[in-house]
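The block underneath contains the structure these notes are about, expressed in C-alpha coordinates.
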Amino acid sequence: MDTLTHHFPALVAFARIVAAGSLSAAARELDVPVSVVSKRLSLLEAHLGTRLLQRTTRRQTLTEEGHLFHARVLRILDEVEQAEALLAQRRDGVHGLLRITAPGELGRRWLAPIAAAFQELHPQVTIQLALTDTVVDLLDGGHDLGVRYGALADSSLVARALAPNYRVLCASPAYLQRHGEPRTPAELAGHRCIVIGDQRRSDWVFDGAETAPVRVDAAFVTNDGGAAQQLALAGSGIALKSIWDVGDDLDAGRLVRVLPHHAMAAAPLHAVYPHQKNLAPRVRLFVGYVKERLQAAWRW
(Lines give C-alpha, C1' and ligand atoms only; values in the text may rest on other atoms or scores of the structure.)
Protein backbone atom coordinates (compact mmCIF):
# COMPACT_ATOMS: atom_id res chain seq x y z
CA MET A 1 0.00 0.00 0.00
CA ASP A 2 1.42 3.35 -1.11
CA THR A 3 1.33 5.74 1.87
CA LEU A 4 2.99 9.05 2.58
CA THR A 5 5.61 7.31 4.72
CA HIS A 6 6.98 5.80 1.50
CA HIS A 7 7.66 9.32 0.23
CA PHE A 8 9.90 10.58 3.01
CA PRO A 9 12.73 11.65 0.62
CA ALA A 10 10.11 13.59 -1.32
CA LEU A 11 9.00 15.39 1.85
CA VAL A 12 12.62 16.38 2.50
CA ALA A 13 12.98 17.55 -1.10
CA PHE A 14 9.77 19.58 -0.91
CA ALA A 15 10.88 21.33 2.29
CA ARG A 16 14.29 22.15 0.79
CA ILE A 17 12.74 23.46 -2.46
CA VAL A 18 10.61 25.91 -0.48
CA ALA A 19 13.45 26.99 1.80
CA ALA A 20 16.05 27.29 -0.98
CA GLY A 21 13.72 29.01 -3.44
CA SER A 22 14.22 26.74 -6.46
CA LEU A 23 14.67 23.13 -7.55
CA SER A 24 18.27 23.74 -8.58
CA ALA A 25 19.21 25.32 -5.24
CA ALA A 26 17.53 22.46 -3.36
CA ALA A 27 19.41 19.94 -5.50
CA ARG A 28 22.71 21.59 -4.60
CA GLU A 29 21.88 21.49 -0.89
CA LEU A 30 20.78 17.85 -1.07
CA ASP A 31 23.75 16.99 -3.33
CA VAL A 32 21.59 15.21 -5.91
CA PRO A 33 20.78 16.01 -9.56
CA VAL A 34 17.98 18.48 -10.29
CA SER A 35 16.15 15.70 -12.12
CA VAL A 36 15.97 13.68 -8.89
CA VAL A 37 14.49 16.60 -6.95
CA SER A 38 11.99 17.29 -9.75
CA LYS A 39 10.93 13.64 -9.88
CA ARG A 40 10.47 13.44 -6.10
CA LEU A 41 8.27 16.55 -6.17
CA SER A 42 6.21 15.20 -9.08
CA LEU A 43 5.68 11.85 -7.35
CA LEU A 44 4.65 13.62 -4.14
CA GLU A 45 2.12 15.82 -5.97
CA ALA A 46 0.81 12.76 -7.84
CA HIS A 47 0.39 10.84 -4.59
CA LEU A 48 -1.45 13.75 -2.95
CA GLY A 49 -3.49 14.49 -6.06
CA THR A 50 -2.84 18.23 -5.83
CA ARG A 51 -0.30 20.76 -6.98
CA LEU A 52 1.93 22.10 -4.21
CA LEU A 53 3.99 24.62 -6.17
CA GLN A 54 3.24 26.89 -9.09
CA ARG A 55 6.44 27.01 -11.15
CA THR A 56 7.59 29.24 -14.00
CA THR A 57 11.03 29.73 -15.51
CA ARG A 58 11.61 32.69 -13.20
CA ARG A 59 9.93 31.94 -9.89
CA GLN A 60 7.95 29.50 -7.80
CA THR A 61 5.12 30.08 -5.34
CA LEU A 62 3.26 27.79 -2.98
CA THR A 63 -0.36 27.05 -3.75
CA GLU A 64 -2.89 27.38 -0.94
CA GLU A 65 -2.73 23.62 -0.46
CA GLY A 66 1.06 23.84 -0.60
CA HIS A 67 1.10 26.36 2.25
CA LEU A 68 -0.98 24.09 4.47
CA PHE A 69 1.01 20.99 3.58
CA HIS A 70 4.37 22.77 3.98
CA ALA A 71 3.63 23.76 7.57
CA ARG A 72 2.79 20.15 8.42
CA VAL A 73 5.84 18.80 6.61
CA LEU A 74 8.15 21.09 8.59
CA ARG A 75 6.63 19.80 11.82
CA ILE A 76 7.06 16.19 10.69
CA LEU A 77 10.69 16.73 9.68
CA ASP A 78 11.36 18.60 12.90
CA GLU A 79 9.96 15.73 14.94
CA VAL A 80 12.20 13.29 13.08
CA GLU A 81 15.19 15.57 13.59
CA GLN A 82 14.38 15.90 17.29
CA ALA A 83 14.19 12.10 17.62
CA GLU A 84 17.65 11.84 16.09
CA ALA A 85 18.91 14.71 18.24
CA LEU A 86 17.70 13.06 21.44
CA LEU A 87 19.73 9.95 20.64
CA ALA A 88 22.70 12.02 19.49
CA GLN A 89 22.55 14.02 22.72
CA ARG A 90 23.33 10.83 24.64
CA ARG A 91 26.12 9.84 22.28
CA ASP A 92 27.78 13.00 20.94
CA GLY A 93 26.28 15.99 22.75
CA VAL A 94 24.53 18.96 21.13
CA HIS A 95 24.80 19.11 17.34
CA GLY A 96 22.89 19.96 14.15
CA LEU A 97 21.80 23.07 12.25
CA LEU A 98 20.42 25.96 14.33
CA ARG A 99 18.44 28.41 12.19
CA ILE A 100 17.85 31.84 13.75
CA THR A 101 16.20 35.01 12.46
CA ALA A 102 16.63 38.42 14.12
CA PRO A 103 16.53 42.17 13.39
CA GLY A 104 19.57 43.38 11.47
CA GLU A 105 21.28 45.73 13.89
CA LEU A 106 20.55 43.57 16.94
CA GLY A 107 21.86 40.54 15.10
CA ARG A 108 25.08 42.21 13.97
CA ARG A 109 25.83 43.97 17.24
CA TRP A 110 24.77 41.32 19.77
CA LEU A 111 23.63 37.97 18.41
CA ALA A 112 26.53 37.31 16.05
CA PRO A 113 29.20 37.42 18.81
CA ILE A 114 26.91 35.50 21.19
CA ALA A 115 26.38 32.84 18.52
CA ALA A 116 30.14 32.63 17.99
CA ALA A 117 30.72 32.10 21.72
CA PHE A 118 27.94 29.48 21.83
CA GLN A 119 29.55 27.56 18.99
CA GLU A 120 32.84 27.58 20.86
CA LEU A 121 31.04 25.68 23.60
CA HIS A 122 29.18 23.42 21.14
CA PRO A 123 31.38 23.04 18.05
CA GLN A 124 29.08 20.43 16.49
CA VAL A 125 26.31 23.01 16.09
CA THR A 126 26.12 24.83 12.76
CA ILE A 127 24.45 28.24 13.06
CA GLN A 128 22.51 29.94 10.28
CA LEU A 129 21.75 33.57 11.20
CA ALA A 130 19.22 35.32 8.96
CA LEU A 131 19.03 39.06 9.67
CA THR A 132 16.07 41.14 8.55
CA ASP A 133 14.02 43.98 10.02
CA THR A 134 10.90 42.30 8.60
CA VAL A 135 9.05 39.88 10.87
CA VAL A 136 9.16 36.56 9.04
CA ASP A 137 7.05 33.43 9.39
CA LEU A 138 9.21 30.93 11.28
CA LEU A 139 7.59 27.85 9.75
CA ASP A 140 7.60 29.14 6.18
CA GLY A 141 11.20 30.24 6.55
CA GLY A 142 12.34 27.01 8.18
CA HIS A 143 13.72 28.86 11.23
CA ASP A 144 14.13 27.19 14.61
CA LEU A 145 13.64 30.44 16.49
CA GLY A 146 13.40 34.18 16.11
CA VAL A 147 14.58 37.01 18.33
CA ARG A 148 12.04 39.83 18.27
CA TYR A 149 11.11 43.08 19.91
CA GLY A 150 7.76 43.51 21.56
CA ALA A 151 4.71 41.43 22.33
CA LEU A 152 3.94 38.17 20.55
CA ALA A 153 1.28 38.61 17.89
CA ASP A 154 1.07 34.99 16.70
CA SER A 155 -0.53 32.84 19.41
CA SER A 156 0.71 29.66 17.72
CA LEU A 157 4.25 30.53 18.80
CA VAL A 158 5.89 30.31 22.21
CA ALA A 159 7.70 33.38 23.55
CA ARG A 160 10.40 33.53 26.20
CA ALA A 161 11.52 36.90 27.56
CA LEU A 162 15.23 37.49 27.02
CA ALA A 163 16.07 40.99 28.24
CA PRO A 164 14.54 44.39 28.99
CA ASN A 165 14.48 47.05 26.32
CA TYR A 166 13.19 50.52 25.61
CA ARG A 167 13.22 52.85 22.63
CA VAL A 168 14.82 56.28 22.52
CA LEU A 169 14.77 59.27 20.24
CA CYS A 170 18.30 60.26 19.30
CA ALA A 171 20.23 62.60 17.03
CA SER A 172 23.84 63.62 16.49
CA PRO A 173 25.31 66.64 18.32
CA ALA A 174 25.84 68.29 14.92
CA TYR A 175 22.14 67.98 14.02
CA LEU A 176 21.02 69.45 17.34
CA GLN A 177 23.49 72.31 16.99
CA ARG A 178 22.11 73.19 13.55
CA HIS A 179 18.40 72.63 14.17
CA GLY A 180 17.98 72.97 17.91
CA GLU A 181 16.62 70.44 20.35
CA PRO A 182 12.86 69.83 20.66
CA ARG A 183 11.58 70.56 24.16
CA THR A 184 8.21 68.83 23.82
CA PRO A 185 7.00 65.88 21.75
CA ALA A 186 4.79 68.20 19.68
CA GLU A 187 7.91 70.02 18.42
CA LEU A 188 9.06 66.85 16.66
CA ALA A 189 6.62 67.70 13.85
CA GLY A 190 8.91 70.58 12.90
CA HIS A 191 12.11 68.49 12.82
CA ARG A 192 13.79 66.28 10.27
CA CYS A 193 12.81 62.76 11.31
CA ILE A 194 14.15 59.40 10.15
CA VAL A 195 11.36 56.84 9.84
CA ILE A 196 11.88 53.08 9.65
CA GLY A 197 9.32 51.43 7.39
CA ASP A 198 7.83 52.20 4.01
CA GLN A 199 5.57 55.17 4.78
CA ARG A 200 6.55 58.85 4.89
CA ARG A 201 4.37 59.52 7.92
CA SER A 202 4.61 57.75 11.24
CA ASP A 203 2.96 58.11 14.64
CA TRP A 204 5.52 58.16 17.46
CA VAL A 205 3.78 57.06 20.65
CA PHE A 206 4.86 58.08 24.15
CA ASP A 207 4.00 56.47 27.46
CA GLY A 208 1.45 58.27 29.59
CA ALA A 209 -2.07 59.38 28.81
CA GLU A 210 -1.08 63.06 29.00
CA THR A 211 1.15 62.83 25.92
CA ALA A 212 -0.64 62.33 22.62
CA PRO A 213 1.01 60.45 19.73
CA VAL A 214 2.99 62.72 17.43
CA ARG A 215 2.66 62.34 13.67
CA VAL A 216 5.99 63.05 11.99
CA ASP A 217 6.75 63.60 8.31
CA ALA A 218 9.93 61.81 7.37
CA ALA A 219 12.95 63.52 5.91
CA PHE A 220 14.30 59.99 5.33
CA VAL A 221 12.43 56.70 5.06
CA THR A 222 14.30 53.38 5.22
CA ASN A 223 13.35 49.77 5.77
CA ASP A 224 16.68 49.08 7.47
CA GLY A 225 17.30 49.92 11.13
CA GLY A 226 21.06 50.05 10.62
CA ALA A 227 20.67 52.61 7.83
CA ALA A 228 18.47 54.74 10.10
CA GLN A 229 21.19 54.68 12.74
CA GLN A 230 23.86 55.70 10.23
CA LEU A 231 21.66 58.56 9.02
CA ALA A 232 21.29 59.77 12.60
CA LEU A 233 25.07 59.56 13.13
CA ALA A 234 25.58 61.55 9.92
CA GLY A 235 23.42 64.38 11.29
CA SER A 236 20.49 63.78 8.95
CA GLY A 237 17.76 63.87 11.58
CA ILE A 238 16.14 62.34 14.65
CA ALA A 239 15.67 58.57 14.76
CA LEU A 240 13.61 56.27 17.00
CA LYS A 241 15.77 53.28 17.94
CA SER A 242 16.11 50.49 20.48
CA ILE A 243 18.58 51.16 23.27
CA TRP A 244 20.28 47.89 22.29
CA ASP A 245 21.14 49.45 18.93
CA VAL A 246 22.28 52.92 20.01
CA GLY A 247 23.39 52.48 23.63
CA ASP A 248 27.10 52.49 22.76
CA ASP A 249 26.70 55.58 20.56
CA LEU A 250 24.89 57.40 23.37
CA ASP A 251 27.57 56.42 25.89
CA ALA A 252 30.32 57.65 23.54
CA GLY A 253 28.55 60.94 22.74
CA ARG A 254 28.19 60.15 19.04
CA LEU A 255 24.42 60.41 19.55
CA VAL A 256 22.42 62.42 22.07
CA ARG A 257 19.11 61.32 23.54
CA VAL A 258 16.26 63.63 22.54
CA LEU A 259 13.36 64.26 24.94
CA PRO A 260 14.90 62.03 27.62
CA HIS A 261 12.10 62.75 30.10
CA HIS A 262 9.42 61.47 27.73
CA ALA A 263 9.42 57.67 27.78
CA MET A 264 8.57 55.71 24.65
CA ALA A 265 6.56 52.50 24.60
CA ALA A 266 8.66 49.56 25.77
CA ALA A 267 9.27 46.57 23.51
CA PRO A 268 11.10 43.82 25.44
CA LEU A 269 13.26 41.29 23.63
CA HIS A 270 11.79 37.80 23.23
CA ALA A 271 12.87 34.50 21.75
CA VAL A 272 9.99 32.95 19.82
CA TYR A 273 9.71 29.44 18.45
CA PRO A 274 7.01 27.07 17.16
CA HIS A 275 4.86 25.53 19.87
CA GLN A 276 6.27 22.09 20.68
CA LYS A 277 6.58 20.03 23.82
CA ASN A 278 10.22 19.18 23.26
CA LEU A 279 12.63 21.71 21.85
CA ALA A 280 15.73 20.44 20.12
CA PRO A 281 18.57 20.58 22.66
CA ARG A 282 20.52 23.09 20.57
CA VAL A 283 17.51 25.46 20.50
CA ARG A 284 16.80 25.17 24.22
CA LEU A 285 20.45 25.68 25.18
CA PHE A 286 20.91 28.60 22.79
CA VAL A 287 17.85 30.44 24.09
CA GLY A 288 19.11 30.08 27.66
CA TYR A 289 22.60 31.18 26.63
CA VAL A 290 21.34 34.28 24.80
CA LYS A 291 19.19 35.26 27.79
CA GLU A 292 22.14 34.91 30.16
CA ARG A 293 24.47 36.96 27.95
CA LEU A 294 21.99 39.74 27.17
CA GLN A 295 20.93 40.17 30.80
CA ALA A 296 24.59 40.31 31.84
CA ALA A 297 25.17 43.02 29.21
CA TRP A 298 22.11 45.11 30.22
CA ARG A 299 23.36 48.39 31.73
CA TRP A 300 20.86 51.09 30.74
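Quick notes on this structure:
- Residue check, Ala218 more than 18 Å from Leu231 (Cα to Cα) and aliphatic (A, V, I, L, M): no
- Only residues that are open to solvent by 30 Å² or more (accessible area, probe 1.4 Å), among the small types (Gly, Ala, Ser) and free of Cβ contacts under 8 Å to residues at least 60 places away in the same chain were counted across the stretch 1-23, and they come to 3.
- If you go through the stretch 112-170 and keep only what is more than 30 Å from Val256 (Cα to Cα) and charged (D, E, K, R), you end up with Glu120, Asp137, Asp140, Asp144, Asp154, Arg160.
- Yes/no for Arg51 being under 24 Å from Asp137 (Cβ atoms), part of a loop (DSSP other than H, G, I, E, B) and more than 27 Å from the chain's Cα centre (by Cα): yes
For every residue, the table says whether it meets (1) closer than 20 Å to Gly180 by Cβ; (2) open to solvent by less than 40 Å² (accessible area, probe 1.4 Å); (3) among the hydroxyl-bearing types (Ser, Thr, Tyr); (4) assigned to a strand (DSSP E or B).
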| position | (1), (2), (3), (4) |
| --- | --- |
| Ile194 | yes, yes, no, yes |
| Ser202 | no, yes, yes, yes |
| Ala212 | no, no, no, no |
| Asp217 | yes, no, no, yes |
| Ala232 | yes, yes, no, no |
| Ser236 | yes, yes, yes, no |
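- Count - residues of the stretch 37-56 that are open to solvent by less than 70 Å² (accessible area, probe 1.4 Å), without any contact (Cβ under 8 Å) to a residue 24 or more places away in the chain and within 16 Å of Val18 (Cα to Cα): 3
- Filtering the stretch 105-131 to residues that are closer than 19 Å to Gln230 by Cα and either among the acidic types (Asp, Glu) or at pLDDT below 90 (or both) leaves only Glu105.
- Scanning the stretch 99-151 for residues that are under 19 Å from Gly21 (Cα atoms) and open to solvent by less than 20 Å² (accessible area, probe 1.4 Å) yields a count of 5.
- Every residue from the stretch 261-299 that is in contact (Cβ under 8 Å) with a residue 60 or more places away in the chain, open to solvent by 60 Å² or more (accessible area, probe 1.4 Å) and under 22 Å from Gly208 (Cβ atoms): Ala266
- Residue match in the stretch 222-231 (condition: farther than 22 Å from Arg148 by Cα, of a type outside the set (Val, Ile, Thr) and modelled with pLDDT of 95 or more): yes
- Within the stretch 249-260, not a single residue is of a type in the set (Asp, Glu), under 30 Å from Gln124 (Cα atoms) and in a helix (DSSP H, G or I).
The values are calculated or read from the model by the stated rules, or taken from the named source; none is laboratory data. Predicted model only: the values in this text are computed from it and were never measured. Cβ atoms come from the backbone with ideal geometry, glycine included; neighbour counts cover every protein chain shown. Side chains are part of the model used for accessible areas, which takes the heavy atoms of the whole protein and leaves out ligands, DNA and RNA. Shrake-Rupley method; radii C 1.70, N 1.55, O 1.52, S 1.80 Å.
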